[in-house]
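Below you'll find the structure, written out as structure tokens, and then a few comments.
The values are calculated or read from the model by the stated rules, or taken from the named source; none is laboratory data. The structure displayed is predicted, hence computed values, not measured ones. Quick reminder, even Gly has a Cβ in these numbers, built from the backbone with ideal geometry, and neighbours come from all protein chains shown. Just so you know, the surface numbers come from the protein's heavy atoms only, side chains and all, with ligands and any DNA or RNA stripped out. Shrake-Rupley method; radii C 1.70, N 1.55, O 1.52, S 1.80 Å.
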Amino acid sequence: MNEIEIGRGKRGRRAYSFDDIAVVPSRRTRDPEDVSLGWQIDAYHFDIPVLAAPMDSVMSPASAIAFGRLGGMPVLDLEGLWTRYADPEPLLAEIASLDPALATARMQQIYREEIQPELIVERIREVRASGVTVAGALSPQRTAQFAKYVLDSGVDLFVIRGTTVSAEHVSSRAEPLNLKRFIYELDVPVIVGGVANYTPALHLMRTGAAGVLVGFGGGAAHTTRATLGIHVPMASAVADVAAARRDYLDESGGRYVHVIPDGGMGESGDIVKAIACGADAVMLGAALARASDAPGRGYHWGPEAHHPELPRGERVAVGAAGTMEQILYGPSSGSDGTTNLMGALRRAMATTGYLEPKEFQRIDVIVSPHHPTTTR
């Protein structure tokens, strides 16, 4: 397991981030136009293997509709501003204008407003009325409370998303969500996470989830490593969870669970390497928050940034790299990997000889830590 001695009383397993690895060309190349990026989970087909993260800086009802029409899966944050306020646009503008020193405290005040169940239904129905397949996301703590409203709205897929989600949460104060029973009783596919290694992922797969989110506070807007000391490099995390998927496939007699990294993929090369490590699709936050038509107005934040007791994230400036369409499909006017994400994935697959993402999971990967070159 490549363990390293940290000191005489502790050993640790070596883990790798996407910056530590690279894909290796094979003996064959292909025409990029022959490559298919299509992805299907349960009965739902998408043109690209990308989910938009359920974060207020990334998804509003309007941007969800636009993203869905571009071929991806939009996921609405059902605990965000759009379910707390009838018109959150002035508050989104205020958050984008806040002094960095005051941002966290003011955001805690803004998000103190109660979630309104009728707005959950209204927002999802608004997106569905456009003809777009839509998912709604709740945290494990609020899933039981609001799930009925999500299902009544006609949501297509249900996402249970937290910094970390386990199939065996233990509490002495309240009855925890029974994931296996909850998923069994639903009529829609459920994607659940985050999870960061083999055993917890295997347990989540046994609950009946259609997909598992991989990650633990490693996104651009997270400070989980600084506040809690917890961090898992994403390349190793994805590979571990992909191994759990393989073993669960055998254990279950052929039931396939999708592996979806969530966080730590700010550039197109990270998406390429995520799929190379075993991902079926990716959930993007900061990469999409850079769109000029994203609701964050050049800023990005998640629910951890306004936690009422222990914030584990922050509002970060990501700027604007182009429209949502340019972010996904180009054309790109720069070489930093922030625009034409799908064009880059398509070209990487063609350059290495693969026709679809599922095949690309078999590509060879090397450990090669990235050291940016400088000119002298």
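Tabulated values for the structure
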| item | result |
| --- | --- |
| Prolate/oblate/rounded call for the chain, Cα gyration tensor, a/c under 1.5 rounded | rounded |
| Overall dimensions of the range 253-368 as given by Cα atoms, namely Rg and Dmax in Å | 16.0, 50 |
| Cα-based shape type of the range 174-308, given that a ≥ b ≥ c are square roots of the gyration tensor eigenvalues and the cut on a/c is 1.5 | prolate |
| Under 14 Å, Cβ to Cβ, from THR224 - net charge with Lys/Arg +1 and Asp/Glu -1 | -1 |
| Among ARG346, ARG297, ARG14, residue whose mean-square fluctuation peaks in a GNM of the chain (springs only between Cα atoms under 10 Å) | ARG14 |
| Sequence-separation-based contact order of the range 277-376, relative, with Cα cut under 8 Å and 6+ spacing, percent | 21 percent |
| Calculated from backbone phi, Karplus (6.51, -1.76, 1.60) coupling profile of the range 80-93 in Hz, x at Gly/Pro | x, 5, 6, 10, 10, 10, 5, 9, x, 4, x, 6, 4, 5 |
| Accessible surface of the chain, 1.4 Å probe, proportion on carbon and sulfur as whole % | 47 percent |
| Value at 222 nm in deg cm²/dmol, rounded to 500, when DSSP H runs of n ≥ 4 in the chain each add -39,500 (n - 2.57) | -9500 deg cm²/dmol |
| Mean accessible surface per residue for the range 124-165, computed with a 1.4 Å probe while every protein chain stays in place, in Å² | 39 Å² |
| Rounded, prolate or oblate (a/c below 1.5 giving rounded, otherwise prolate when a/b exceeds b/c) for the range 1-147 by Cα gyration tensor | oblate |
| Rounded accessible area of HIS231 (nearest 10 Å², 1.4 Å probe) | 80 Å² |
| Accessible surface, per residue, of the range 18-93 when the full set of protein chains is kept, probe 1.4 Å, Å² | 38 Å² |
| Average Cα contact separation per residue, the range 60-127, under 8 Å, 6 or more apart, as relative contact order % | 46 percent |
| Neighbourhood net charge (11 Å Cβ-Cβ; Lys/Arg +1, Asp/Glu -1) for ALA53 | -2 |
| The range 237-359, accessible area per residue, ligands and nucleic acids excluded (1.4 Å, Å²) | 36 Å² |
